[in-house]
Amino acid sequence: MSPFRSQMDAALAEARAAAARGEVPVGAVIADPQGRIVARAGNRTREFHDPTAHAEILALRAACAAARSERLPGHSLHVTLEPCPMCAAAIGFARIARLYYGAADAKSGGVAHGARIYAHPQCHHAPEVYDGIAATAAEDLMRAFFAAARRPGARGG
């Protein structure tokens, strides 16, 4: 199994763990320039009562703390869902070199949909973007989570 594939597998594992906590199932991992995972996270907005506690933001915080830097040149971020505008901007601010994501997010995405953060002239850094990585697995997680949330007596998603 290639390191690339195992990194998205790790992001999917974080997404499954988020779903088990009642969070929207999004997972992210950051790999250093050698391909080693240096940070991993899943959504924790409900748990932390924090609208910024998206998987990408939490992984960026952990990787930056470990690197003792606000920038992560040469690093890659693997996330199960197209980043929202907030996360896309933070990824650019961190100078992530490559962004790999799974499912597209036509409703709230900020990379290929909606705000298209990296297309703006105000964007100081745009990573290389690769979409559709393990998209079916990521979409299946999201679909199952929201179907369960719609069942009578379930906590809404």
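The values are calculated or read from the model by the stated rules, or taken from the named source; none is laboratory data. It should be emphasised that the depicted structure is a prediction, and the values quoted were computed from it without experimental measurement. Reconstructed Cβ throughout: ideal geometry from the backbone, glycine too, with neighbour counts over all protein chains shown. Heads up: the accessible areas ignore ligands, DNA and RNA and are worked out on the full protein's heavy atoms, side chains in. Shrake-Rupley method; radii C 1.70, N 1.55, O 1.52, S 1.80 Å.
Residues that are buried (at least 16 other Cβ atoms within 10 Å of the Cβ), at least 3 per element: which helices (runs of 4 or more DSSP H) completely within the range 6-108 meet that?
55-67, 85-93
Taking the residues in the range 109-150 that are closer than 21 Å to LEU72 by Cβ and among the acidic types (Asp, Glu) as candidates, determine which candidate is nearest to the chain's Cα centre (by Cα).
ASP131
Of the numbered conditions (1) closer than 23 Å to ALA148 by Cβ; (2) without any contact (Cβ under 8 Å) to a residue 60 or more places away in the chain, ALA11 fails exactly one; give the number of that condition.
(2)
Examine the range 114-125 for a residue that is outside any helix (DSSP H, G or I) and under 20 Å from VAL29 (Cα atoms), and state whether such a residue exists.
Yes - at least one qualifying residue is present in the range 114-125.
Can you name the residue in the range 112-150 that is touching a strand residue (DSSP E or B) at 6+ places or on another chain (Cβ under 6 Å) and β-branched (Val, Ile, Thr) and is also most open to solvent (accessible area, probe 1.4 Å) among such residues?
Checked the range 112-150; the qualifying residue most open to solvent (accessible area, probe 1.4 Å) is VAL129.
GLY153: at pLDDT 95 or above and either open to solvent by less than 30 Å² (accessible area, probe 1.4 Å) or more than 12 Å from the chain's Cα centre (by Cα) (or both), yes or no?
Here the answer is no, as GLY153 does not meet what is asked.
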